[in-house]
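The values are calculated or read from the model by the stated rules, or taken from the named source; none is laboratory data. Computed from a predicted structure; not experimentally measured. We place every Cβ from the backbone using ideal geometry, glycine too, and count neighbours over all the protein chains shown.
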Amino acid sequence: MAHVQQTFTHSAAIPVSAGIGLRYQHYRDVVANNPTVGWFEVHSENYFGKGGASLHYLEKIREDYPISLHGVGMSLGLVDVLDGQHLETLKGLIARIAPGLVSEHLSWSSFGGDYFNDLAPLPYTEEALRHLVDRISQVQDFLGRYILVENPSSYLEYDYSTIQEYEFLNELSRRTGCGILLDVNNVYVSCQNHGWDAIAYLQGIAADRVGEFHLAGHTVNRVGDKEILIDTHNQPVCAEVWKLYHCAVQVVGAKPTFIEWDTDVPALSVLVDEAKQADSFMEQSREHPL
């Protein structure tokens, strides 16, 4: 049977509740059982094809749930010209799915046409800030909508950075109008790796510009006599990140919260249970605000 393209004329707003990733392992389970979650998020690039099973299931699930598109391949911080074909394809997917949110990473992953399998951090300088303002403005103008930009996880710092990461994000949002996707696991990972103050980070972020939280698991590696945390998205959210998320909800306020699990993907019920835990923290913040 030929695939018939479905176009949704109105975006469905992402609710202030927990969502989970739509992974191919769960397509049929989601369609058959309609799990109790507020929304789904997908990696945009996984749906850049013109048809096939992935788009079929995404369109089917979009009939019942709001969808957020989260990109990993735009390489916002690159110094090359932005990939026009990538932007064109993303714009077409947005028109097709009508997502509630569209997001990208504060990172770079390509140079001279070569792409790397990682999201590398940027130096936090005024020059880099001007560059990102220009790039994000180009993207938003082309797409005809604002995007969210996610704080990265990082393992090394640039010696010549002069701006705190959260201040860089705040200023980026102020100058472009973009929102902030605050990945709480990335905050924890980066703060542990660099000795930053995670609570000061949360208190410093522009709360009114945060449009979404991410939560994920990470891995602890040893390098010599030191520990380094790696943002692997392959296990449950740890107790320390849940604690930091509780603080984030208290300081920033309740926001749509995504449970991110990309490798060693567990049963759908495991993701649903983590989403319920995030919903519980948000409910507590409503009942006992600061």
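Anything in the stretch 242-255 that is farther than 14 Å from Val189 by Cα and either hydroxyl-bearing (Ser, Thr, Tyr) or assigned to a loop (DSSP other than H, G, I, E, B) (or both)? List them, or say none. Give the derivation first.
Let us first name the residues in the stretch 242-255 that are farther than 14 Å from Val189 by Cα, namely 246-255.
Once the filter is applied, which keeps residues that are farther than 14 Å from Val189 by Cα and either hydroxyl-bearing (Ser, Thr, Tyr) or assigned to a loop (DSSP other than H, G, I, E, B) (or both), the stretch 242-255 yields Gly253, Ala254, Lys255.
Right, Leu101: modelled with pLDDT of 95 or more, of a type in the set (A, V, I, L, M, F, W, C) and touching a strand residue (DSSP E or B) at 6+ places or on another chain (Cβ under 7 Å) or not? Even if it seems obvious, please write down each step before you answer.
Details: modelled with pLDDT of 95 or more: yes; of a type in the set (A, V, I, L, M, F, W, C): yes; touching a strand residue (DSSP E or B) at 6+ places or on another chain (Cβ under 7 Å): yes.
So Leu101 fits the description; yes.
When you check Leu182 against the structure, is it at pLDDT 95 or above and touching a helix residue (DSSP H, G or I) at 6+ places or on another chain (Cβ under 9 Å), yes or no?
Values: at pLDDT 95 or above: yes; touching a helix residue (DSSP H, G or I) at 6+ places or on another chain (Cβ under 9 Å): yes.
It is true that Leu182 is at pLDDT 95 or above and touching a helix residue (DSSP H, G or I) at 6+ places or on another chain (Cβ under 9 Å).
Can you tell me how many residues within the stretch 218-257 are surrounded by 15 or more Cβ atoms within 10 Å (Cβ to Cβ), at pLDDT below 95 and within 20 Å of Gly21 (Cα to Cα)?
Residues in the stretch 218-257 being surrounded by 15 or more Cβ atoms within 10 Å (Cβ to Cβ), at pLDDT below 95 and within 20 Å of Gly21 (Cα to Cα): 5 in total.
Under 9 Å between Cβ atoms, which residue pairs at least 6 apart in sequence (or on different chains) link something in the stretch 225-241 that is under 17 Å from Ser154 (Cα atoms) and assigned to a helix (DSSP H, G or I) with a partner that is modelled with pLDDT of 90 or more and not aromatic (Phe, Trp, Tyr)?
Matching pairs, first to second residue: Val241/Val184; Val241/Asn185; Val241/Val187; Val241/Val189; Val241/Leu215; Val241/Ala216; Val241/Gly217; Val241/His218.
Since Leu169 meets every condition but one in (1) buried (at least 17 other Cβ atoms within 10 Å of the Cβ); (2) more than 17 Å from Gly204 (Cα to Cα); (3) not β-branched (Val, Ile, Thr), which condition does it not meet?
(2)
May I ask you to say which residue of Val31, Val72, Val4, Val42 is at pLDDT 95 or above, aliphatic (A, V, I, L, M) and either surrounded by 19 or more Cβ atoms within 10 Å (Cβ to Cβ) or in a loop (DSSP other than H, G, I, E, B) (or both)?
Numbers: Val31 fails: either surrounded by 19 or more Cβ atoms within 10 Å (Cβ to Cβ) or in a loop (DSSP other than H, G, I, E, B) (or both); Val72 fails: at pLDDT 95 or above; Val4 fails: at pLDDT 95 or above.
Selected residue: Val42, the only one of Val31, Val72, Val4, Val42 that is at pLDDT 95 or above, aliphatic (A, V, I, L, M) and either surrounded by 19 or more Cβ atoms within 10 Å (Cβ to Cβ) or in a loop (DSSP other than H, G, I, E, B) (or both).
For Glu212, work out the one condition from (1) under 25 Å from Leu106 (Cβ atoms); (2) acidic (Asp, Glu); (3) surrounded by fewer than 14 Cβ atoms within 10 Å (Cβ to Cβ) it doesn't fulfil.
The failed condition is (3).
Can you find a residue in the stretch 137-150 that is in contact with a strand residue (DSSP E or B) (Cβ under 9 Å, 6 or more places away or on another chain) and among the acidic types (Asp, Glu)?
The initial filter retains those residues of the stretch 137-150 that are in contact with a strand residue (DSSP E or B) (Cβ under 9 Å, 6 or more places away or on another chain), namely 139, 143, 145-150.
After this cut, where a residue has to be among the acidic types (Asp, Glu) as well, the list is 150.
Yes, the stretch 137-150 contains at least one residue that is in contact with a strand residue (DSSP E or B) (Cβ under 9 Å, 6 or more places away or on another chain) and among the acidic types (Asp, Glu).
For the subset of the stretch 146-158 comprising residues that are of a type outside the set (S, T, N, Q), at pLDDT 90 or above and in a loop (DSSP other than H, G, I, E, B), which member is nearest to Asp183 (Cα to Cα)? Write out each step before concluding.
Our first condition is that a residue be of a type outside the set (S, T, N, Q); within the stretch 146-158, this holds for 146-150, 152, 155-158.
Right, trim to at pLDDT 90 or above and you get 146-150, 152.
Those left that are additionally in a loop (DSSP other than H, G, I, E, B): 146-147, 152.
Values: Tyr146: 18, Ile147: 15, Pro152: 8 Å.
The qualifying residue nearest to Asp183 (Cα to Cα) is Pro152.
Checking the conditions here, which among Ile147, Ile180 is surrounded by 21 or more Cβ atoms within 10 Å (Cβ to Cβ), without any contact (Cβ under 8 Å) to a residue 40 or more places away in the chain and of a type in the set (A, V, I, L, M, F, W, C)? Can you show your working first?
Working: Ile147 fails: without any contact (Cβ under 8 Å) to a residue 40 or more places away in the chain.
Only one candidate qualifies: Ile180.
Considering Leu202, Leu271, which residue is assigned to a helix (DSSP H, G or I) and in contact (Cβ under 8 Å) with a residue 60 or more places away in the chain?
Numbers: Leu202 fails: in contact (Cβ under 8 Å) with a residue 60 or more places away in the chain.
Exactly one residue qualifies, and that residue is Leu271.
If a residue must be more than 19 Å from Ile67 (Cα to Cα) and hydrophobic (A, V, I, L, M, F, W, C), how many such residues does the stretch 249-290 contain?
9
Starting from residues that are of a type outside the set (A, V, I, L, M) and either part of a loop (DSSP other than H, G, I, E, B) or over 19 Å from Ala95 (Cα atoms) (or both), keep the ones in the stretch 75-84 and report whichever is modelled with the highest pLDDT. Spell out how you get there, then give the answer.
Of the residues in the stretch 75-84, the ones of a type outside the set (A, V, I, L, M) are 75, 77, 80, 83-84.
Checking which are either part of a loop (DSSP other than H, G, I, E, B) or over 19 Å from Ala95 (Cα atoms) (or both) leaves us with 75, 77, 80, 83.
On the way: Ser75: 83, Gly77: 79, Asp80: 79, Asp83: 89.
Per the stated criteria, the residue is Asp83.
Which condition number in (1) of a type in the set (Ser, Thr, Tyr); (2) in contact with a Lys or Arg (Cβ under 9 Å, 6 or more places away or on another chain); (3) not in a helix (DSSP H, G or I) is the one that Ser173 fails?
That leaves (3) as the condition not met.
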